[in-house]
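The values are calculated or read from the model by the stated rules, or taken from the named source; none is laboratory data. Computed from a prediction, not measured in an experiment: that's the story for all the values here. Glycine gets a Cβ as well: all are built from the backbone with ideal geometry, and neighbour counts include every protein chain shown. Side chains included, ligands, DNA and RNA excluded: accessible areas come from the protein's heavy atoms. Shrake-Rupley method; radii C 1.70, N 1.55, O 1.52, S 1.80 Å.
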Number of protein chains: 2
Amino acid sequence: MRESTGGTRERIQAVALELFTEQGYEATSLREIAERLNVTKAALYYHFKSKDEIVTSLVEDRLDRMDALIAWARTQPAGLDTRRAVLARYADTMFTGAQPSVMRFFEQNQTVLKSLAAGRDIRDRMLQLAAVLAQGDDSPAAQLRAALALFAVHSSWFAVRAPGITDAERRRLALEVADELLAAIGRAPAGDATA
Amino acid sequence: MRESTGGTRERIQAVALELFTEQGYEATSLREIAERLNVTKAALYYHFKSKDEIVTSLVEDRLDRMDALIAWARTQPAGLDTRRAVLARYADTMFTGAQPSVMRFFEQNQTVLKSLAAGRDIRDRMLQLAAVLAQGDDSPAAQLRAALALFAVHSSWFAVRAPGITDAERRRLALEVADELLAAIGRAPAGDATA
DNA sequence: GTCTATAAAGTGATAGAC
DNA sequence: GTCTATCACTTTATAGAC
(Lines give C-alpha, C1' and ligand atoms only; values in the text may rest on other atoms or scores of the structure.)
Protein backbone atom coordinates (compact mmCIF):
# COMPACT_ATOMS: atom_id res chain seq x y z
CA MET A 1 0.00 0.00 0.00
CA ARG A 2 2.98 2.28 0.22
CA GLU A 3 4.67 1.78 -3.14
CA SER A 4 1.87 2.58 -5.55
CA THR A 5 3.44 5.75 -7.00
CA GLY A 6 7.11 4.98 -7.06
CA GLY A 7 7.52 6.13 -3.48
CA THR A 8 7.01 9.87 -3.86
CA ARG A 9 5.12 9.97 -0.60
CA GLU A 10 8.02 8.26 1.15
CA ARG A 11 10.54 10.60 -0.46
CA ILE A 12 8.55 13.58 0.81
CA GLN A 13 8.54 12.10 4.31
CA ALA A 14 12.29 11.48 4.23
CA VAL A 15 13.19 14.98 3.03
CA ALA A 16 10.73 16.66 5.37
CA LEU A 17 12.04 14.72 8.36
CA GLU A 18 15.59 15.69 7.52
CA LEU A 19 14.87 19.39 7.05
CA PHE A 20 12.53 19.61 10.04
CA THR A 21 15.26 18.12 12.21
CA GLU A 22 18.09 20.24 10.85
CA GLN A 23 16.37 23.61 10.66
CA GLY A 24 13.21 23.20 12.68
CA TYR A 25 9.60 22.55 11.71
CA GLU A 26 8.54 26.20 11.59
CA ALA A 27 11.69 27.30 9.81
CA THR A 28 11.21 24.78 7.01
CA SER A 29 8.80 25.73 4.23
CA LEU A 30 6.95 23.43 1.86
CA ARG A 31 8.64 25.26 -0.99
CA GLU A 32 12.01 24.15 0.37
CA ILE A 33 10.91 20.53 0.61
CA ALA A 34 9.44 20.62 -2.90
CA GLU A 35 12.60 22.12 -4.38
CA ARG A 36 14.77 19.38 -2.93
CA LEU A 37 12.55 16.82 -4.60
CA ASN A 38 12.31 18.74 -7.86
CA VAL A 39 8.56 18.91 -7.68
CA THR A 40 6.17 21.79 -7.00
CA LYS A 41 4.43 22.58 -3.75
CA ALA A 42 1.13 21.54 -5.28
CA ALA A 43 2.47 18.02 -5.70
CA LEU A 44 3.06 17.89 -1.96
CA TYR A 45 -0.56 18.75 -1.37
CA TYR A 46 -1.63 15.80 -3.43
CA HIS A 47 0.10 13.49 -0.96
CA PHE A 48 -0.55 15.39 2.26
CA LYS A 49 -3.44 17.70 2.94
CA SER A 50 -1.38 20.03 5.16
CA LYS A 51 2.09 20.62 6.56
CA ASP A 52 1.31 19.12 9.92
CA GLU A 53 -0.18 16.04 8.31
CA ILE A 54 3.34 15.21 7.17
CA VAL A 55 4.35 15.11 10.83
CA THR A 56 1.30 13.02 11.69
CA SER A 57 2.24 10.48 9.04
CA LEU A 58 5.78 10.35 10.39
CA VAL A 59 4.59 9.61 13.88
CA GLU A 60 2.10 6.78 13.40
CA ASP A 61 4.62 3.96 13.42
CA ARG A 62 6.39 5.26 16.47
CA LEU A 63 3.15 5.71 18.37
CA ASP A 64 2.12 2.10 17.75
CA ARG A 65 5.46 0.82 18.99
CA MET A 66 5.32 2.91 22.13
CA ASP A 67 1.76 1.84 22.87
CA ALA A 68 2.74 -1.79 22.52
CA LEU A 69 5.67 -1.34 24.87
CA ILE A 70 3.62 0.49 27.49
CA ALA A 71 0.88 -2.13 27.36
CA TRP A 72 3.43 -4.91 27.78
CA ALA A 73 5.15 -3.13 30.64
CA ARG A 74 1.88 -2.89 32.52
CA THR A 75 1.48 -6.66 32.46
CA GLN A 76 4.84 -7.10 34.18
CA PRO A 77 5.42 -7.03 37.95
CA ALA A 78 6.97 -3.84 39.30
CA GLY A 79 10.66 -4.28 40.04
CA LEU A 80 14.17 -3.78 38.79
CA ASP A 81 14.02 -6.66 36.32
CA THR A 82 10.96 -5.17 34.67
CA ARG A 83 12.51 -1.71 34.55
CA ARG A 84 15.58 -3.13 32.88
CA ALA A 85 13.52 -5.08 30.37
CA VAL A 86 11.32 -2.09 29.53
CA LEU A 87 14.28 0.17 28.91
CA ALA A 88 16.08 -2.49 26.86
CA ARG A 89 13.00 -2.90 24.67
CA TYR A 90 12.68 0.87 24.40
CA ALA A 91 16.29 1.03 23.23
CA ASP A 92 15.55 -1.68 20.66
CA THR A 93 12.75 0.37 19.10
CA MET A 94 14.94 3.48 19.24
CA PHE A 95 17.69 1.80 17.27
CA THR A 96 15.41 0.39 14.60
CA GLY A 97 14.81 1.74 11.09
CA ALA A 98 13.55 5.31 10.89
CA GLN A 99 12.66 5.49 14.60
CA PRO A 100 15.76 7.34 15.80
CA SER A 101 15.29 9.99 13.12
CA VAL A 102 11.71 10.56 14.20
CA MET A 103 12.73 10.97 17.83
CA ARG A 104 15.59 13.27 16.93
CA PHE A 105 13.04 15.41 15.13
CA PHE A 106 11.05 15.76 18.32
CA GLU A 107 14.14 16.45 20.39
CA GLN A 108 14.95 19.33 18.07
CA ASN A 109 11.36 20.56 17.90
CA GLN A 110 10.08 20.49 21.44
CA THR A 111 7.49 23.16 20.80
CA VAL A 112 5.88 20.89 18.21
CA LEU A 113 5.08 18.61 21.14
CA LYS A 114 2.70 21.29 22.35
CA SER A 115 1.30 22.75 19.15
CA LEU A 116 0.60 19.67 17.03
CA ALA A 117 -1.73 16.81 17.97
CA ALA A 118 0.86 14.28 16.83
CA GLY A 119 3.40 15.92 19.11
CA ARG A 120 1.06 15.81 22.08
CA ASP A 121 0.52 12.10 21.43
CA ILE A 122 4.24 11.35 21.53
CA ARG A 123 4.70 13.51 24.60
CA ASP A 124 1.90 11.66 26.33
CA ARG A 125 3.50 8.29 25.61
CA MET A 126 6.89 9.47 26.89
CA LEU A 127 5.26 10.51 30.16
CA GLN A 128 3.51 7.16 30.41
CA LEU A 129 6.79 5.36 29.83
CA ALA A 130 8.52 7.40 32.51
CA ALA A 131 5.66 6.62 34.91
CA VAL A 132 5.90 2.92 34.17
CA LEU A 133 9.66 3.00 34.78
CA ALA A 134 9.12 4.61 38.18
CA GLN A 135 6.34 2.16 39.09
CA GLY A 136 6.25 1.43 42.80
CA ASP A 137 8.25 4.50 43.79
CA ASP A 138 6.49 7.82 43.49
CA SER A 139 9.24 9.91 45.03
CA PRO A 140 10.56 12.92 43.12
CA ALA A 141 13.96 11.23 42.89
CA ALA A 142 12.42 8.23 41.16
CA GLN A 143 10.68 10.46 38.62
CA LEU A 144 13.95 12.18 37.86
CA ARG A 145 15.86 8.92 37.53
CA ALA A 146 13.25 7.45 35.20
CA ALA A 147 13.38 10.53 32.98
CA LEU A 148 17.18 10.42 32.93
CA ALA A 149 17.20 6.74 32.04
CA LEU A 150 15.05 7.44 28.99
CA PHE A 151 17.21 10.41 28.14
CA ALA A 152 20.31 8.22 28.35
CA VAL A 153 18.97 6.17 25.44
CA HIS A 154 18.18 9.28 23.41
CA SER A 155 21.34 11.21 24.17
CA SER A 156 23.65 8.32 23.37
CA TRP A 157 23.06 9.39 19.78
CA PHE A 158 24.63 12.81 20.12
CA ALA A 159 26.32 13.11 23.52
CA VAL A 160 28.85 10.39 22.76
CA ARG A 161 31.61 11.36 20.35
CA ALA A 162 33.68 8.31 19.61
CA PRO A 163 35.16 7.55 16.21
CA GLY A 164 33.59 4.55 14.53
CA ILE A 165 31.26 3.65 17.37
CA THR A 166 28.43 1.38 16.22
CA ASP A 167 24.73 1.54 17.00
CA ALA A 168 24.98 -1.65 19.02
CA GLU A 169 27.75 -0.13 21.13
CA ARG A 170 25.74 3.05 21.71
CA ARG A 171 22.78 0.98 22.78
CA ARG A 172 24.81 -1.08 25.22
CA LEU A 173 26.51 2.02 26.60
CA ALA A 174 23.19 3.78 27.19
CA LEU A 175 21.75 0.76 28.98
CA GLU A 176 24.88 0.35 31.09
CA VAL A 177 24.73 3.95 32.30
CA ALA A 178 20.96 3.89 32.69
CA ASP A 179 21.13 0.72 34.72
CA GLU A 180 22.62 2.55 37.69
CA LEU A 181 19.71 4.98 37.60
CA LEU A 182 17.12 2.21 37.36
CA ALA A 183 18.73 0.31 40.22
CA ALA A 184 18.39 3.35 42.47
CA ILE A 185 14.64 3.58 41.89
CA GLY A 186 12.76 1.98 44.80
CA ARG A 187 15.64 2.48 47.23
CA ALA A 188 15.23 5.02 50.03
CA PRO A 189 16.97 8.31 49.19
CA ALA A 190 19.94 9.44 51.29
CA GLY A 191 18.38 12.59 52.74
CA ASP A 192 14.81 13.15 53.88
CA ALA A 193 12.31 12.56 51.08
CA THR A 194 10.50 15.61 49.72
CA ALA A 195 7.14 13.91 49.17
CA MET B 1 21.81 52.18 32.08
CA ARG B 2 18.84 49.86 31.90
CA GLU B 3 16.10 51.91 33.53
CA SER B 4 16.13 55.06 31.43
CA THR B 5 12.75 54.48 29.78
CA GLY B 6 10.72 52.88 32.50
CA GLY B 7 11.94 49.45 31.56
CA THR B 8 10.29 48.95 28.19
CA ARG B 9 13.34 47.11 26.96
CA GLU B 10 13.10 44.72 29.90
CA ARG B 11 9.39 44.20 29.36
CA ILE B 12 10.07 43.28 25.75
CA GLN B 13 12.69 40.81 26.85
CA ALA B 14 10.36 39.22 29.40
CA VAL B 15 7.43 38.84 27.01
CA ALA B 16 9.63 37.61 24.16
CA LEU B 17 11.30 35.03 26.39
CA GLU B 18 7.94 33.76 27.54
CA LEU B 19 6.45 33.47 24.06
CA PHE B 20 9.60 32.05 22.50
CA THR B 21 9.63 29.35 25.15
CA GLU B 22 5.93 28.53 24.97
CA GLN B 23 5.42 28.58 21.21
CA GLY B 24 8.91 28.56 19.76
CA TYR B 25 11.15 31.28 18.38
CA GLU B 26 10.10 30.89 14.74
CA ALA B 27 6.43 30.53 15.60
CA THR B 28 6.39 33.78 17.57
CA SER B 29 6.04 36.98 15.54
CA LEU B 30 7.08 40.46 16.54
CA ARG B 31 3.49 41.55 16.04
CA GLU B 32 2.47 39.10 18.75
CA ILE B 33 5.06 40.41 21.17
CA ALA B 34 4.10 44.01 20.44
CA GLU B 35 0.41 43.33 20.95
CA ARG B 36 1.01 41.82 24.37
CA LEU B 37 2.80 45.00 25.39
CA ASN B 38 0.25 47.29 23.77
CA VAL B 39 2.87 48.89 21.56
CA THR B 40 3.54 48.66 17.84
CA LYS B 41 6.18 46.61 16.08
CA ALA B 42 8.10 49.78 15.26
CA ALA B 43 8.56 50.42 18.97
CA LEU B 44 10.28 47.06 19.27
CA TYR B 45 12.71 48.10 16.58
CA TYR B 46 13.69 51.14 18.57
CA HIS B 47 14.97 48.87 21.34
CA PHE B 48 16.29 45.97 19.25
CA LYS B 49 17.57 46.17 15.72
CA SER B 50 16.29 42.71 14.80
CA LYS B 51 14.39 39.70 16.11
CA ASP B 52 17.48 37.67 16.83
CA GLU B 53 19.06 40.58 18.66
CA ILE B 54 16.40 40.04 21.31
CA VAL B 55 17.78 36.56 21.80
CA THR B 56 21.32 37.87 21.88
CA SER B 57 20.41 40.33 24.62
CA LEU B 58 18.79 37.54 26.61
CA VAL B 59 21.88 35.39 26.45
CA GLU B 60 24.67 37.77 27.48
CA ASP B 61 24.28 37.32 31.19
CA ARG B 62 24.13 33.57 30.95
CA LEU B 63 27.21 33.41 28.74
CA ASP B 64 29.26 35.42 31.24
CA ARG B 65 28.27 33.15 34.08
CA MET B 66 29.10 30.01 32.13
CA ASP B 67 32.46 31.39 31.05
CA ALA B 68 33.33 32.21 34.64
CA LEU B 69 32.37 28.73 35.79
CA ILE B 70 34.36 27.01 33.03
CA ALA B 71 37.42 29.16 33.74
CA TRP B 72 37.21 28.36 37.43
CA ALA B 73 36.75 24.65 36.79
CA ARG B 74 39.93 24.57 34.74
CA THR B 75 41.95 25.87 37.67
CA GLN B 76 40.80 22.94 39.80
CA PRO B 77 42.44 19.50 39.94
CA ALA B 78 40.60 16.74 38.07
CA GLY B 79 38.67 14.49 40.40
CA LEU B 80 35.32 13.73 41.96
CA ASP B 81 35.43 16.65 44.38
CA THR B 82 35.94 19.08 41.52
CA ARG B 83 33.17 17.48 39.46
CA ARG B 84 30.82 17.81 42.41
CA ALA B 85 31.79 21.42 43.01
CA VAL B 86 31.41 22.35 39.32
CA LEU B 87 27.96 20.84 39.08
CA ALA B 88 26.87 22.44 42.35
CA ARG B 89 27.98 25.85 41.09
CA TYR B 90 26.25 25.18 37.79
CA ALA B 91 23.05 24.41 39.65
CA ASP B 92 23.45 27.65 41.60
CA THR B 93 23.54 29.70 38.43
CA MET B 94 20.63 27.72 37.02
CA PHE B 95 18.44 28.49 39.99
CA THR B 96 19.21 32.20 40.02
CA GLY B 97 17.05 35.03 38.68
CA ALA B 98 16.11 34.80 35.00
CA GLN B 99 18.67 32.09 34.24
CA PRO B 100 16.34 29.09 34.34
CA SER B 101 13.93 30.81 31.95
CA VAL B 102 16.72 31.47 29.50
CA MET B 103 17.84 27.86 29.58
CA ARG B 104 14.27 26.60 29.24
CA PHE B 105 14.04 28.74 26.12
CA PHE B 106 17.01 26.92 24.64
CA GLU B 107 15.68 23.52 25.66
CA GLN B 108 12.49 24.29 23.76
CA ASN B 109 14.30 25.80 20.78
CA GLN B 110 17.16 23.49 20.01
CA THR B 111 17.31 24.52 16.38
CA VAL B 112 18.08 28.07 17.50
CA LEU B 113 21.31 26.63 18.88
CA LYS B 114 22.35 26.04 15.30
CA SER B 115 20.87 28.96 13.42
CA LEU B 116 21.64 31.91 15.70
CA ALA B 117 25.09 33.03 16.80
CA ALA B 118 23.89 33.44 20.36
CA GLY B 119 22.63 29.87 20.29
CA ARG B 120 25.92 28.54 19.01
CA ASP B 121 27.68 30.36 21.84
CA ILE B 122 25.54 28.70 24.48
CA ARG B 123 25.88 25.33 22.82
CA ASP B 124 29.64 25.73 22.79
CA ARG B 125 29.72 26.50 26.51
CA MET B 126 27.54 23.49 27.31
CA LEU B 127 29.96 21.25 25.44
CA GLN B 128 32.90 22.79 27.29
CA LEU B 129 31.17 22.21 30.60
CA ALA B 130 30.49 18.58 29.75
CA ALA B 131 34.13 18.15 28.76
CA VAL B 132 35.31 19.69 32.01
CA LEU B 133 33.03 17.35 33.96
CA ALA B 134 34.51 14.32 32.20
CA GLN B 135 38.07 15.57 32.70
CA GLY B 136 40.51 12.70 33.14
CA ASP B 137 38.21 10.08 31.63
CA ASP B 138 37.70 10.26 27.89
CA SER B 139 35.66 7.07 27.62
CA PRO B 140 32.26 7.22 25.88
CA ALA B 141 30.61 6.27 29.16
CA ALA B 142 32.15 9.27 30.88
CA GLN B 143 30.89 11.61 28.15
CA LEU B 144 27.40 10.21 28.53
CA ARG B 145 27.46 10.47 32.31
CA ALA B 146 28.69 14.06 32.19
CA ALA B 147 25.90 15.01 29.77
CA LEU B 148 23.30 13.28 31.93
CA ALA B 149 24.57 15.03 35.07
CA LEU B 150 24.04 18.41 33.40
CA PHE B 151 20.67 17.27 32.13
CA ALA B 152 19.69 16.23 35.64
CA VAL B 153 19.99 19.86 36.73
CA HIS B 154 17.94 21.08 33.77
CA SER B 155 15.27 18.41 33.87
CA SER B 156 14.61 18.78 37.56
CA TRP B 157 12.54 21.77 36.46
CA PHE B 158 10.04 19.79 34.44
CA ALA B 159 10.60 16.06 35.01
CA VAL B 160 9.71 16.27 38.68
CA ARG B 161 6.04 16.73 39.46
CA ALA B 162 5.64 17.20 43.16
CA PRO B 163 3.10 19.54 44.75
CA GLY B 164 4.69 22.51 46.44
CA ILE B 165 8.29 21.49 45.83
CA THR B 166 10.67 24.42 46.22
CA ASP B 167 13.58 25.47 44.04
CA ALA B 168 16.02 24.54 46.78
CA GLU B 169 14.55 21.05 46.95
CA ARG B 170 14.75 20.63 43.18
CA ARG B 171 18.35 21.70 43.26
CA ARG B 172 19.26 19.28 46.01
CA LEU B 173 17.38 16.46 44.29
CA ALA B 174 19.16 17.06 40.99
CA LEU B 175 22.57 17.08 42.66
CA GLU B 176 21.75 13.95 44.63
CA VAL B 177 20.82 12.02 41.51
CA ALA B 178 23.68 13.50 39.48
CA ASP B 179 26.17 12.58 42.16
CA GLU B 180 25.89 8.89 41.35
CA LEU B 181 26.72 9.69 37.74
CA LEU B 182 29.67 11.88 38.63
CA ALA B 183 31.02 9.24 41.01
CA ALA B 184 31.05 6.70 38.19
CA ILE B 185 33.22 8.89 35.98
CA GLY B 186 36.85 7.81 36.16
CA ARG B 187 35.97 4.28 37.25
CA ALA B 188 36.62 1.43 34.80
CA PRO B 189 33.42 0.38 33.01
CA ALA B 190 32.02 -3.10 33.56
CA GLY B 191 32.41 -4.38 30.00
CA ASP B 192 35.21 -3.73 27.52
CA ALA B 193 35.67 -0.04 26.72
CA THR B 194 34.74 1.10 23.22
CA ALA B 195 37.56 3.60 22.84
C1' DG C 1 0.15 12.54 -10.25
C1' DT C 2 2.05 16.74 -11.28
C1' DC C 3 1.69 21.21 -13.24
C1' DT C 4 0.72 26.74 -13.53
C1' DA C 5 -1.26 30.37 -11.38
C1' DT C 6 -2.96 32.73 -7.71
C1' DA C 7 -5.33 33.89 -3.54
C1' DA C 8 -5.14 35.60 1.21
C1' DA C 9 -2.58 36.43 4.87
C1' DG C 10 1.43 37.01 7.54
C1' DT C 11 6.50 38.22 8.14
C1' DG C 12 10.68 41.07 9.38
C1' DA C 13 12.09 45.44 8.64
C1' DT C 14 12.32 50.69 7.45
C1' DA C 15 11.05 55.83 6.71
C1' DG C 16 9.57 59.60 8.62
C1' DA C 17 5.94 62.26 11.49
C1' DC C 18 5.11 63.64 16.20
C1' DG D 1 10.22 56.75 22.54
C1' DT D 2 6.38 55.58 20.09
C1' DC D 3 3.47 56.18 16.23
C1' DT D 4 1.37 55.41 11.11
C1' DA D 5 2.18 53.65 6.88
C1' DT D 6 4.30 50.88 3.86
C1' DC D 7 7.82 47.82 1.42
C1' DA D 8 9.36 43.59 -0.27
C1' DC D 9 8.92 39.16 0.45
C1' DT D 10 7.39 34.50 2.05
C1' DT D 11 4.04 31.54 3.78
C1' DT D 12 0.22 27.85 3.57
C1' DA D 13 -3.17 26.43 0.75
C1' DT D 14 -6.43 25.93 -3.34
C1' DA D 15 -8.45 25.85 -8.32
C1' DG D 16 -8.25 23.95 -12.37
C1' DA D 17 -5.48 22.49 -16.73
C1' DC D 18 -3.05 18.50 -18.56
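Computed over region B:2-112, the alpha-carbon pair-distance distribution with 5 angstrom bins reads 2, 11, 19, 19, 16, 12, 8, 6, 4, 2, 1, each value a whole percent.
The Cα-based radius of gyration of region A:79-182, divided by its Kirkwood radius, gives an Rg/Rh of 0.97.
Only Cα pairs within less than 10 Å get springs; with that Gaussian network setup on chain A, which residue of A:ALA78, A:ALA146, A:ALA27 has the largest fluctuation? Evaluated over chain A, the most mobile residue of the options is A:ALA27. Backbone amide hydrogens, once placed in the peptide plane, bring A:TRP157 within less than 5 Å of nothing, excluding anything fewer than 5 places away on its chain.
Computed over chain B, the per-residue total of -39500 (n - 2.57) for DSSP H runs of n ≥ 4 gives a 222 nm mean residue ellipticity of -22500 deg cm²/dmol, rounded to 500. Using the Cβ of B:ALA34 as centre and a radius below 13 Å, the other residues enclosed give a net charge of +3, where K and R count +1 and D and E count -1. Per residue, the convex hull spanned by the Cα atoms of the protein assembly as shown measures out at 165 cubic angstrom.
Summed over both chains, the contact between A and B buries some 3400 Å² of accessible surface at a probe radius of 1.4 Å.
In nanometers and ordered shortest first, the copy-to-copy spacing of the B:ARG120 label point, defined 7 Å from Cα toward Cβ, is 3.7. If you take all other residues with their beta carbon under 10 Å from the beta carbon of B:VAL112, and give Lys and Arg +1 and Asp and Glu -1, the sum is +1.
With all protein chains in place and a 1.4 Å probe, the accessible surface of region B:1-109 carries 50 percent carbon and sulfur. Return the lysines within reach of B:LYS41: Cα separation strictly under 21 angstrom, same-chain partners fewer than 8 residues apart disregarded; answer none if there are no such residues. Straight-distance partners of B:LYS41: B:LYS49, B:LYS51. Computed from phi, the 3J(HN,Hα) profile of region B:80-88 under the Karplus parametrisation 6.51, -1.76, 1.60 (θ = phi - 60°) reads 4, 4, 5, 4, 4, 5, 4, 5, 5 Hz, with x in place of Gly and Pro. Residues in region B:35-179 average 44 Å² of solvent-accessible surface per residue, probe 1.4 Å, ligands and nucleic acids excluded. Here region A:56-184 is assigned +1 on the Cβ of each Lys and Arg and -1 on the Cβ of each Asp and Glu. Its dipole about the Cα centre then comes out at about 200 debye.
Translational D (Stokes-Einstein, µm²/s) of chain A at 20 °C and 1.002 mPa s when Rh comes from the Kirkwood sum over C-alpha pairs? Using the Kirkwood radius from Cα pairs, D works out to 117 µm²/s. Over the C-alpha atoms of region B:1-49, the Rg to Rh ratio, Rh being the Kirkwood estimate, stands at 0.96. Once C-alpha pairs closer than 8 Å and six or more residues apart are averaged by separation and normalised to the residue number of chain B, the relative contact order reads 21 percent.
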